[in-house]
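One structure is given here, and the rest of the page talks about it.
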Amino acid sequence: MDLRIGQGIDIHRFKAGRRCILGGVEIPSEVGLLGHSDADALTHALMDAVLGAIGQRDIGTLFPDTDAAFKDADSIVLLAKVWGIAKAAGWRIVNADISLLAQIPKVNPYVTEMRERLSAVLECQLERVTIKATTSEKLGFIGREEGVLASAVVLIQRE
Ligand code: MG
């Protein structure tokens, strides 16, 4: 049994007039997240964790923000592409654990839906994808409600 671990981190800043999409779920919010794609920091952290685990470069290399093809891209579609690479190499998810640091918006009511979306893309059971959300106790850029940070670890296995 071949086991690999990967980790990923992503930060996106808030911007009025943008949608707030995290874990593939649109969350009602006064401000959204700014980025070349849909700026889904949680899904981006997960993608980088998978890419690290399978020994590939990062999402910035795979989906460059200079490429118009990825403008406003649905990060769930990008995650499906990343998982396609992993699956083709014979990998399966053991588990993925993701933490979101955000002062706003309130994401807890949407965590189960996020887990459903992400586990469907990763072709694993819901229980294998966990998401925790916390504030930063009003400290730093997260506390000032300037942006969010997501961190993900993933363990994969291959026979
Ligand atoms: Mg990103």
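None of the figures in this text is laboratory data; all of them are computed from the coordinates on show. Worth saying up front: this structure is predicted, and the values here are computed from it rather than measured. FYI the Cβ positions are ideal-geometry reconstructions off the backbone, even for glycines, and counts take in every protein chain you see.
Summary of computed values
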item	result
For the chain, diffusion coefficient by Stokes-Einstein and Kirkwood Rh (Cα), 37 °C, 0.692 mPa s, µm²/s	211 µm²/s
Taking only Cα atoms of region 1-95, radius of gyration then Dmax in Å	13.9, 48
Virtual spin-label span in nm between ARG13 and ASN108, 7 Å along Cα→Cβ	3.0 nm
Tail weight of P(r) past 12 Å, computed on alpha-carbon pairs of region 65-106, percent	75 percent
Highest-fluctuation residue, HIS44, HIS36, HIS12 considered, GNM on the chain with Cα pairs under 10 Å	HIS36
Inter-site label distance for ASP67 and GLU146 at 7 Å from Cα along Cβ, in nm	3.1 nm
Among GLU146, GLU113, GLU137, residue whose mean-square fluctuation peaks in a GNM of the chain (springs only between Cα atoms under 10 Å)	GLU137
Cα Rg, Dmax (largest Cα-Cα span) when computed across region 95-159, Å	13.5, 46
Distant-in-sequence amide H partners of LEU22 (H built 1.01 Å from N, under 5 Å)	ILE27
Backbone HN-Hα couplings from phi across region 90-104 [Karplus 6.51/-1.76/1.60, Hz, Gly and Pro as x]	x, 7, 10, 6, 7, 6, 10, 10, 10, 10, 10, 9, 8, 6, 9
Residues with amide H under 5 Å from that of GLY32, placed H, sequence gap 5 or more	LYS15, ALA16, GLY17, ARG18
Residue exposure sequence - THR43, THR66, THR130 - by fewest surrounding Cβ within 10 Å	THR66, THR130, THR43
Under 23 Å from LYS81, Cα to Cα: lysines that are on another chain or at least 8 residues apart	LYS71
